[in-house]
Amino acid sequence: MSTPRWPPGELEERLRALAEERYHHRHPFNLRMHDGLLSPEELSRWILNRFHYQRHIPIKDALILAKLETREQRRGWIRRVHDHDGRPGENGRPGEAGGIERWLRLGEAVGLDRTLLLSGEGVLPGVRFAVEGYLNFCRHGSPLEAVASSLTELFAPDLMVTRIAAWERHYPWIEPEGLRYFQVRVDQGRRDADEALGLVHEWARTRDDQERVLAAFTFKCDVLWSLLDAVEHAAVRTEASHAR
């Protein structure tokens with residue numbers, strides 16, 4: 001006899017319990033960021049390394065897009081690629097800047113050259129490893145697992161709201177335009193999370209499916225945590241080097 005499927009509300013409760021424990025809002029680096037304790041050097045290092053993740057988001061979404069079987073699903077999901085890559089202009093009208101462009105402007109707001117960001121120079125090995133692991137997860141996983149890994153979007157908007165307020169309070173030297181990425185992602189993240197959650201509820205028809213959802217979500221939390229681990233440890237190594 002198969003194990004009964006959890007009702008949708010219970011699956012969401014389990015996701016939220018996992019997030020409370022494992023989502024990167026609890027990472028010491030994020031806590032220090034939001035308490036205003038990061039140096040300009042640490043903040044710049046995070047922006048540079050996080051950009052390596054940001055620039056691969058539309059690639060990840062393209063991998064998921066290729067797994068979707070219906071036209072309606074693909075029409076919805078391809079919007080995510082446009083949100084990050086932007087949209088070209090048509091008939092003389094200007095195009096739309098996407099999330100990657102807004103992140104480049106964030107880098108410029110803290111004094112990083114966009115040429116450096118685009119070159120990938122200085123990206124930490126641990127960050128490269130984590131991002132490649134996430135891409136491979138979406139490349140080789142089932143559609144359910146790949147979409148479920150994106151459910152961290154359920155919790156990103158609240159983190160963005162916290163970050164905006166913290167940066168305005170503690171890092172006034174950053175040009176206001178630099179916050180635009182976070183401001184836009186609040187609404188986009190909520191929309192994307194609702195879309196992904198709807199697909200997960202539709203596809204997770206057995207308890208085994210639901211367990212795979214939780215495992216995929218946990219994996220994604222580990223990816224985000226690993227990114228911050230790499231940046232945090234780089235800061236520790238830099239401080240030790242300066243002390244010598």
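Checking Met1 against (1) at pLDDT 95 or above; (2) of a type in the set (A, V, I, L, M); (3) loosely packed, with under 13 Cβ neighbours inside 10 Å; (4) in a loop (DSSP other than H, G, I, E, B), only one condition comes out false. Which one?
Going through (1) at pLDDT 95 or above; (2) of a type in the set (A, V, I, L, M); (3) loosely packed, with under 13 Cβ neighbours inside 10 Å; (4) in a loop (DSSP other than H, G, I, E, B) one by one, Met1 breaks only (1).
Just one of (1) without any contact (Cβ under 8 Å) to a residue 40 or more places away in the chain; (2) among the basic types (Lys, Arg); (3) within 18 Å of His24 (Cβ to Cβ) trips up Arg191, so point out which.
Condition not satisfied by Arg191: (3).
Residues of the range 133-144 being touching a residue at least 60 places away in the same chain (Cβ under 8 Å), surrounded by fewer than 20 Cβ atoms within 10 Å (Cβ to Cβ) and assigned to a helix (DSSP H, G or I), which ones?
Once the filter is applied, which keeps residues that are touching a residue at least 60 places away in the same chain (Cβ under 8 Å), surrounded by fewer than 20 Cβ atoms within 10 Å (Cβ to Cβ) and assigned to a helix (DSSP H, G or I), the range 133-144 yields Gly133, Leu135, Phe137, Arg139, Pro143.
Run down Ala156, Ala130, Ala196 and say which single residue is crowded, with 18+ Cβ neighbours inside 10 Å, without any contact (Cβ under 8 Å) to a residue 60 or more places away in the chain, on the phi < 0 side of the Ramachandran plot and touching a Ser or Thr at 6+ places or on another chain (Cβ under 7 Å). Walk me through it before giving the result.
Values: Ala156 fails: touching a Ser or Thr at 6+ places or on another chain (Cβ under 7 Å); Ala130 fails: without any contact (Cβ under 8 Å) to a residue 60 or more places away in the chain.
Exactly one of Ala156, Ala130, Ala196 is crowded, with 18+ Cβ neighbours inside 10 Å, without any contact (Cβ under 8 Å) to a residue 60 or more places away in the chain, on the phi < 0 side of the Ramachandran plot and touching a Ser or Thr at 6+ places or on another chain (Cβ under 7 Å), namely Ala196.
Which condition does Leu18 not pass, out of (1) more than 30 Å from Arg207 (Cβ to Cβ); (2) assigned to a helix (DSSP H, G or I); (3) touching a residue at least 24 places away in the same chain (Cβ under 8 Å), if it passes all the others?
Going through (1) more than 30 Å from Arg207 (Cβ to Cβ); (2) assigned to a helix (DSSP H, G or I); (3) touching a residue at least 24 places away in the same chain (Cβ under 8 Å) one by one, Leu18 breaks only (1).
Is at least one residue of the range 62-80 modelled with pLDDT of 95 or more, farther than 24 Å from Ala204 by Cβ, surrounded by fewer than 16 Cβ atoms within 10 Å (Cβ to Cβ) and out of contact with any helix residue (DSSP H, G or I) (no Cβ under 6 Å at 6 or more places or on another chain)?
So far as the range 62-80 goes, no, none of its residues is modelled with pLDDT of 95 or more, farther than 24 Å from Ala204 by Cβ, surrounded by fewer than 16 Cβ atoms within 10 Å (Cβ to Cβ) and out of contact with any helix residue (DSSP H, G or I) (no Cβ under 6 Å at 6 or more places or on another chain).
Output the number of the condition that Ser226 fails; it satisfies all remaining conditions of (1) within 19 Å of Tyr53 (Cβ to Cβ); (2) free of Cβ contacts under 8 Å to residues at least 12 places away in the same chain.
All conditions are met except number (2).
In the list Gly9, Gly89, Gly95, which residue meets the criterion of being modelled with pLDDT under 95 and touching a strand residue (DSSP E or B) at 6+ places or on another chain (Cβ under 8 Å)?
Working: Gly9 fails: touching a strand residue (DSSP E or B) at 6+ places or on another chain (Cβ under 8 Å); Gly89 fails: touching a strand residue (DSSP E or B) at 6+ places or on another chain (Cβ under 8 Å).
Exactly one of Gly9, Gly89, Gly95 is modelled with pLDDT under 95 and touching a strand residue (DSSP E or B) at 6+ places or on another chain (Cβ under 8 Å), namely Gly95.
For every residue, the table says whether it meets (1) more than 20 Å from Val184 (Cα to Cα); (2) touching a residue at least 40 places away in the same chain (Cβ under 8 Å); (3) outside any loop (DSSP other than H, G, I, E, B).
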{"residue": "Leu48", "(1), (2), (3)": "no, yes, yes"}
{"residue": "His52", "(1), (2), (3)": "no, yes, yes"}
{"residue": "Leu68", "(1), (2), (3)": "yes, yes, no"}
{"residue": "Arg74", "(1), (2), (3)": "yes, no, yes"}
{"residue": "His84", "(1), (2), (3)": "no, no, yes"}
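Identify all residues within the range 21-46 that are in a loop (DSSP other than H, G, I, E, B) and either at pLDDT below 95 or out of contact with any His (no Cβ under 7 Å at 6 or more places or on another chain) (or both); write none if there are none. Outline the logic, then answer.
Kept after step one, since they are in a loop (DSSP other than H, G, I, E, B), are these residues of the range 21-46: 23, 27, 35-39.
Within the range 21-46, Tyr23, His27, Asp35, Leu37, Leu38, Ser39 qualify.
The values are calculated or read from the model by the stated rules, or taken from the named source; none is laboratory data. The structure displayed is predicted, hence computed values, not measured ones. A quick note on method: Cβ atoms are made from the backbone with ideal geometry, for glycine too, and the neighbour counts reach across all protein chains shown.
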